[in-house]
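*Asks:* Sharing a structure with you now.
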Amino acid sequence: RDRVSLVDPLAVDIGELGAILADRGRLKIFHACSEDIEIFNLLFPSQPFTRIFDTQTGLAFLGYGAQIGYQKALQECLGIAISKAETRSDWLMRPLSPEQLQYAALDVQYLPALYAFLRERLEARGLLAWCEADCDLILRDLGEAPDLKSMYRHFSNAWRYSRQQLALLQMLTIWREGAARIHNIPRTFVLKNHTLLDIVERRP
């Protein structure tokens, strides 16, 4: 409903969460969910994720761009301004600071309202079924461990690159994935997608 709950996965047994995430009767709303799903699939390999709605995907269908951030989405769609100051703070420390707790709560508090906003407009344009199919496709693509050599194919605009650029893109995605795993951090903390593509295009 209108309550936000923060659960520390280091302090409690989250085993029962797998059944909830696998339940097709429950809609799970995320924004830019690919990395979240990869983690949950590793935690619950026998309980595959089902029925998600990725608000970033919904925004793309409505013409807001392929990778609009959560903060910008809330501002443009709902007129709500939130801070992202704690994005790169140390989330492994305990206890978390009041600022981190507030950030974590705001990161999900407006997802239901954003979903309602998007669903209404997708339905009006006859795009809801297409968007839901794309969300199912995300789950299918992330259901198996990624093949490092083919990860570069996930960039939808890579079709316009030359063979040399594709080879560079492939090497960079393999390197980034390896660095992310070694340091146990999100791959975008190693190199953001747009920066990676800039390197491919400019080849400094």
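The values are calculated or read from the model by the stated rules, or taken from the named source; none is laboratory data. Owing to the predicted nature of the structure, the values given are computational and were not obtained by experimental measurement. Neighbour counts run over all protein chains shown; Cβ positions are idealised from the backbone, glycine included. Ligands, DNA and RNA are stripped out before the accessible areas are found, and what is left, the full protein with its side chains, is counted by its heavy atoms. Shrake-Rupley method; radii C 1.70, N 1.55, O 1.52, S 1.80 Å.
*Asks:* For Cα pairs less than 8 Å apart in space and 6+ apart in sequence, what is the mean separation divided by the residue count of region 59-204, i.e. the relative contact order in percent?
*Replies:* Working: 66 pairs, mean separation 22.0, N = 146.
Relative contact order for region 59-204 comes out at 15 percent.
*Asks:* Right, here's the next one. Testing the spin-label approximation: label points 7 Å from Cα along Cα→Cβ at R181 and A85. State their distance in nm.
*Replies:* 3.7
*Asks:* Percent of accessible area on the chain owned by carbon and sulfur, 1.4 Å probe?
*Replies:* Details: 7160 of 13190 Å².
Whole-percent figure for carbon plus sulfur exposure: 54.
*Asks:* Okay, next question. Roughly how large, in nm² to one decimal, is the mean projection of the convex hull of the alpha-carbon atoms in region 31-108?
*Replies:* On the way: hull surface 25.8 nm².
Projected over every direction and averaged, the Cα hull of region 31-108 covers 6.4 nm².
*Asks:* Please compute the length gained on full extension between D134 and D2, using 0.36 nm multiplied by the number of residues separating them and subtracting their Cα-Cα distance.
*Replies:* 44.8 nm
*Asks:* Have a look at V12, V108, V190 and tell me which one the Gaussian network model of the chain (Cα, springs below 10 Å) gives the largest fluctuation.
*Replies:* Per the Cα network of the chain with a 10 Å cutoff, V12 tops the list.
*Asks:* Which listed residue (T55, S156, S83) has the Cα farthest towards the positive end of the charge dipole for the chain, taking +1 on Lys and Arg C-beta and -1 on Asp and Glu C-beta about the Cα centre?
*Replies:* Value computed over the given set: S156.
*Asks:* Also, quick follow-up: Nearest 20 debye, what's the magnitude of the dipole of the chain about its Cα centre given +1 on Lys and Arg Cβ and -1 on Asp and Glu Cβ? The partial results should precede the final answer.
*Replies:* On the way: 24 positive and 25 negative charges, 130 e Å.
Taking the Cα centre of the chain as origin, the dipole is about 620 debye.
*Asks:* When only the heavy atoms of the protein chains count and the probe is 1.4 Å, how do W91, W159, W175 rank by accessible area, highest first? Walk me through the numbers before you get to the answer.
*Replies:* Working: W91 80, W159 205, W175 140 Å².
From most exposed to least exposed: W159, W175, W91.
*Asks:* Note the listed values [x] 1.50; [y] 1.63; [z] 1.09, then indicate which one is Cα Rg over 2.2 N^0.38 Å calculated from this particular structure.
*Replies:* The calculated read-out lines up with [z].
*Asks:* Please compute the length gained on full extension between S34 and R202, using 0.36 nm multiplied by the number of residues separating them and subtracting their Cα-Cα distance.
*Replies:* 57.8 nm
*Asks:* Return the single residue from L21, L139, L168 with maximal mean-square fluctuation; model: Gaussian network over the chain, springs between Cα atoms under 10 Å.
*Replies:* Its mean-square fluctuation being the largest, the pick is L168.
*Asks:* Taking only protein heavy atoms and a 1.4 Å probe, what accessible area per residue, in Å², does region 1-131 have with all protein chains in place?
*Replies:* On the way: 8100 Å² over 131 residues.
Dividing the accessible area of region 1-131 by its residue count gives 62 Å².
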